[in-house]
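**Q** Structure below; questions to follow.
The values are calculated or read from the model by the stated rules, or taken from the named source; none is laboratory data. All values reported here derive from a predicted model rather than from experimental measurement. Note: ideal-geometry Cβ built from the backbone for every residue, glycine included; neighbour counts use all protein chains shown.
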Amino acid sequence: MEEKKSIIIAEDHTILREGLKMLLSSNPQYEVVAEAEDGLQAIRLCESFKPDLVLMDLSMPRMNGVGAVQEIKKQCPETKILVLTVHKTEEYILATLKAGADGYVLKDATHGELELAIECVFSGKSYLSPGISEKVIEGYLEGRTTIKSASSWDSLTQREREILKMIAEGYKNKEIGNYLCISAKTVEKHRANLMKKLDLHSTSALTAFAMERGLVS
């Protein structure tokens, strides 16, 4: 009899985590051996269980999914990591793949697509949801990752880098202003300059860029 594949689910929303566990447990080939509510817990559980697969959310407390993916791959290089997330921006996708994820599935995927993605990564292949595949491939072919990371980053002032880091850490304009002893209005101007220089147009995109540059774990 073939040994079951061990899986850890890393998801901070209890209802979704329990739903995924029920779904995966219905397959006789899989066994959910542990569940994590945040990135740090996911890392510790992987060190203990050495699972075949981690199903990983990106937006989690204590340590985000990108940082957790990178650390798990260092500690357990044989463990496959399949990201399950709502984030569709190229910055998030590329940062996650660079961290070592084996697959990237959007949370609006069907049960069938999730099973296909799991089978793909278990067979040694990568999996990207159809809706994001073309965008990512185009980004790599055009070299946007290298060009954008280097030239855009070099154009930022030290103050802009400080504010980018705090934005990525979840601080609001007023909180950033209080910490840096500047007005919230000045912070907003810096935020607008960041978005213009980086050609990024949302907080999530700024956060993904900051993660890619190593400003936040």
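**Q** For the structure I just gave you, tell me whether Y127 is surrounded by 17 or more Cβ atoms within 10 Å (Cβ to Cβ) and at pLDDT 85 or above.
**A** Numbers: surrounded by 17 or more Cβ atoms within 10 Å (Cβ to Cβ): yes; at pLDDT 85 or above: yes.
Here the answer is yes, as Y127 does meet what is asked.
**Q** Here's a check for you: in segment 74-95, which residue that is farther than 16 Å from G124 by Cβ and among the charged types (D, E, K, R) is surrounded by the most Cβ atoms within 10 Å (Cβ to Cβ)?
**A** E91
**Q** I'd like to verify a number: residues in segment 175-217 that are more than 21 Å from S59 (Cβ to Cβ) and touching a residue at least 12 places away in the same chain (Cβ under 8 Å), how many?
**A** So the first thing to find is which residues in segment 175-217 are more than 21 Å from S59 (Cβ to Cβ), and the list is 177-190, 192-193, 196-197, 199.
Then drop every residue that is not touching a residue at least 12 places away in the same chain (Cβ under 8 Å), which leaves 179-180, 187-188, 190, 193, 197, 199.
Adding up the residues that qualify gives 8.
**Q** Given the condition surrounded by 16 or more Cβ atoms within 10 Å (Cβ to Cβ) and within 23 Å of the chain's Cα centre (by Cα), answer yes or no: does some residue in segment 168-177 qualify?
**A** yes
**Q** Evaluate the following for G100: is it of a type outside the set (F, W, Y), surrounded by fewer than 18 Cβ atoms within 10 Å (Cβ to Cβ), closer than 29 Å to S152 by Cβ and in contact with a helix residue (DSSP H, G or I) (Cβ under 6 Å, 6 or more places away or on another chain)? Give the steps one after another, and end with the answer.
**A** Values: of a type outside the set (F, W, Y): yes; surrounded by fewer than 18 Cβ atoms within 10 Å (Cβ to Cβ): yes; closer than 29 Å to S152 by Cβ: yes; in contact with a helix residue (DSSP H, G or I) (Cβ under 6 Å, 6 or more places away or on another chain): yes.
In short, yes.
**Q** Something else now. Mind checking whether some residue in segment 170-187 is of a type in the set (G, A, S), within 17 Å of K88 (Cα to Cα) and part of a helix (DSSP H, G or I)?
**A** Initial filter on segment 170-187 (of a type in the set (G, A, S)): 170, 177, 183-184.
In the following step, the residues that additionally are within 17 Å of K88 (Cα to Cα) were identified as none.
Within segment 170-187, not a single residue is of a type in the set (G, A, S), within 17 Å of K88 (Cα to Cα) and part of a helix (DSSP H, G or I).
**Q** Suppose the filter is over 16 Å from the mean Cα position of the chain (by Cα) and either over 23 Å from S59 (Cβ atoms) or crowded, with 19+ Cβ neighbours inside 10 Å (or both); does E2 pass it? Before the answer, list the steps.
**A** Values: over 16 Å from the mean Cα position of the chain (by Cα): yes; either over 23 Å from S59 (Cβ atoms) or crowded, with 19+ Cβ neighbours inside 10 Å (or both): yes.
Criteria met by E2.
**Q** When segment 57-73 is examined, which residues are found to be buried (at least 24 other Cβ atoms within 10 Å of the Cβ) and either at pLDDT 95 or above or in a helix (DSSP H, G or I) (or both)?
**A** Answer for segment 57-73, where residues must be buried (at least 24 other Cβ atoms within 10 Å of the Cβ) and either at pLDDT 95 or above or in a helix (DSSP H, G or I) (or both): G65, V66, A68, V69, I72.
**Q** Out of segment 21-41, which residues are modelled with pLDDT of 95 or more and of a type in the set (G, A, S)?
**A** Passing the criteria: A34, A36.
Conditions (1) surrounded by 14 or more Cβ atoms within 10 Å (Cβ to Cβ); (2) more than 19 Å from A68 (Cα to Cα); (3) hydrophobic (A, V, I, L, M, F, W, C), marked per residue:
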residue	(1), (2), (3)
L194	yes, yes, yes
K197	yes, yes, no
M211	yes, no, yes
G214	no, no, no
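**Q** Also, I was wondering about something else. Just checking, which of L24, L58, L16 is farther than 20 Å from Y92 by Cβ and of a type outside the set (D, E)? Even if it seems obvious, please write down each step before you answer.
**A** Numbers: L58 fails: farther than 20 Å from Y92 by Cβ; L16 fails: farther than 20 Å from Y92 by Cβ.
Being farther than 20 Å from Y92 by Cβ and of a type outside the set (D, E) holds for just one of L24, L58, L16, which is L24.
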